[in-house]
1. Please report, for the Cα atoms of the range 1-62, the Rg to one decimal and the Dmax as a whole number; what are they, in angstrom?
2. Report, in deg cm²/dmol and to the nearest 500, the calculated mean residue ellipticity at 222 nm for the chain, where each DSSP H run with n ≥ 4 adds -39500 (n - 2.57) and the sum is divided by the residue count.
3. State the extension gain, in nm to one decimal, for the chain segment bounded by I137 and H218, taking 0.36 nm per residue of separation less the distance between their alpha-carbons.
4. Tell me, what % of the accessible area of the chain is carbon and sulfur with a 1.4 angstrom probe?
5. Sequence gap at least 6, Cα distance under 8 Å: using those rules, report the relative contact order of the range 24-107 to the nearest whole percent.
6. How far is helix 232-245 tilted, in degrees, relative to the longest principal axis of the Cα atoms in the chain, given as a value from 0 to 90 rounded to the nearest 10?
7. If each Cα of the range 41-148 is one equal point scatterer, what is log10 of I(q)/I(0) from the Debye formula at q = 0.16 Å⁻¹?
8. Which whole number of Å³ per residue matches the convex hull of the alpha-carbon atoms in the range 100-143?
Amino acid sequence: MSERTETVHVTYGVSRADSVRDALLAQGCEAPVIGLPSALNLGPINPPDPEVRRAWFRTVLRCQPDEMPCEPEQTWTDAISSDVRPVYWVCMTDAAEHASFLEFAFRMAGRPFDIVDATGLDFVTRDGVRAPWSLGIMRSEDIVASGLKDTRRPLSRAEGDAASEAWRRLRSEDAPIRVVRSGRLVSTPLTHFDGVLIDQATTGWQVVARLIGRTLAHLTDDVDPPGQGVSDIVLFGRIRALGDDGALDVRGPGPGLRDYEVQLPLHAS
């Protein structure tokens, strides 16, 4: 590796990148940090063309223009440039982080890079010992206190090849949703979260935002593994689809999740 090769830290998502950047700065490291924008646990990925994906979010999940993801290709180009030595930060139990990591390894095509892996990490905070399921729940001070930066290591060629092969398989399946199961990212149907939404729905009208919040809390706190790759965008789209199918009663002018109400159908109560 050339002495002039720049180290660049890479992770999924702008907010995670901000936390990593703040943690590095607190430890005297001013290396650039790139947050990859693509939530590749959702939508078409064969290939992950930004325009195809935006069309899917618009037509399948019925997203409004300001809700659809912005996934500039330049961000990926910067992250995998031959002029940099990437250090990829990830927690594999987070489906979005896991998917982004697999796509990154696939695009690196065997080129070496380093990894900082928070999967299974135990660290002490003011609230006690925690095992984060996502970098997204780690504050910058948690990253520093855990010594996460010091776990940096080269990703082995075998690990890189395995990640690339896993992504090839997922690309070929091109499912609408991908979730983490037994440490692996797996394909699931669009209806994957429908049963949870119905279980969390109540008799009597309530704002859709409340059902979504309760469902997200349930999937984060009450199931193992938590998170499972869902988002409010997915749940909002599925609530409207379940309303069309008669599995839920949905009413309201739209377009936002606070502009609709939802309840269990009277025949289900």
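1. Both quantities, over Cα of the range 1-62: 16.2, 49 Å.
2. Details: 9 runs with 102 residues, N = 269.
Counting only the DSSP helices, I get -11500 deg cm²/dmol.
3. Details: separation 81, 0.36 × 81 = 29.16 nm, distance 1.62 nm.
Using 0.36 nm per residue and subtracting the Cα-Cα distance, I get 27.5 nm.
4. Working: 6280 of 12540 Å².
Result for the chain: 50 percent of the exposed heavy-atom area is carbon or sulfur.
5. Details: 57 pairs, mean separation 27.2, N = 84.
Relative contact order for the range 24-107 comes out at 32 percent.
6. 30
7. The Debye formula, applied to the Cα set alone, gives -0.88.
8. Working: hull volume 3.8 nm³, N = 44.
Cα convex hull per residue, to the nearest whole number: 85 Å³.
The values are calculated or read from the model by the stated rules, or taken from the named source; none is laboratory data. These figures come from a predicted structure and were not determined experimentally. Counting neighbours? That spans all protein chains shown, and the Cβs are built from the backbone with ideal geometry, glycine included. With ligands, DNA and RNA removed, areas are computed over all heavy atoms of the protein, side chains included. Shrake-Rupley method; radii C 1.70, N 1.55, O 1.52, S 1.80 Å.
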